[in-house]
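Engineer: After the structure tokens below, expect a handful of questions from me.
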Ligand SMILES: [Zn+2]
């Protein structure tokens with residue numbers, strides 16, 4: 001686990017300009033939102049505990065920002081770079097059929113991205129993971145993915161470090 005990296009502090013002052021105070025009734029202001037892999041001053045990357053989707057990660061802004069376009073361009077670029085870093089790490093370690101990226105926030109309007117490795121034989125493919133369940137995932141595949149999670153976390157940390 002990597003705590004606040006000083007190299008990532010430069011752009012955070014700008015968040016004060018976009019209504020980023022912590023909001024008391026917001027889940028993602030109160031909690032990490034998953035098992036913490038890495039936290040920078042700007043954002044955190046967590047692993048989602050979903051038994052169908054080992055390796056499912058979220059990139060979550062630390063500040064309470066509602067929409068992507070509330071960010072200044074430099075901060076926006078850093079957020080997108082972090083999402084891409086997670087995607088690259090998932091591709092390198094898990095070799096999924098497809099990566100799904102989603103930023104919904106209807107229930108929790110605190111900017112976050114879901115980064116989800118998908119496979120043809122997973123529980124919902126080709127539907128979104130929030131769609132109708134298509135099949136039971138193969139236990140062997142799930143076990144193989146679970147075994148790769150430490151490597152995935154290390155790969156994510158190595159890709160975010162120079163941010
Ligand atoms: Zn929030």
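Engineer: Considering Cα pairs under 8 angstrom that are at least six residues apart, work out the relative contact order of the range 64-147 and quote it in whole percent.
Structural biologist: 23 percent
Engineer: Please arrange 120, 91 by counting, for each residue, the other beta carbons lying within 10 Å of its beta carbon, fewest first.
Structural biologist: The most exposed by this proxy come first: 120, 91.
Engineer: Helix 73-94 sits at what angle to the longest principal axis of the chain, using alpha carbons and giving 0 to 90 degrees rounded to 10?
Structural biologist: Tilt of helix 73-94: around 20 degrees.
Engineer: Using only Cα atoms, what Kirkwood radius does the chain have, in angstroms?
Structural biologist: With all distinct Cα pairs of the chain included, I get 16.3 Å.
Engineer: Quick one: 51, 103, fewest Cβ neighbours within 10 Å first, how do they rank?
Structural biologist: 51, 103
Engineer: Would you mind checking the tilt of helix 139-160 against the longest principal axis of the Cα atoms of the chain, expressed as 0 to 90 degrees and rounded to 10?
Structural biologist: 30 degrees
Engineer: Counting other C-beta atoms within 10 Å, which of 56, 125 has the fewest, and how do the rest follow?
Structural biologist: 125, 56
Engineer: What is the distance in Å between the Cα centres of the range 28-54 and the range 119-138?
Structural biologist: Result: 22 Å between the Cα centres.
Each value in this text was obtained by applying a stated rule to the coordinates, not by laboratory testing. Quick caveat: nothing in here was measured; it's all calculated off a predicted structure. Because the Cβ atoms are built from the backbone with ideal geometry, glycine has one as well, and the counts that use them run over all protein chains shown.
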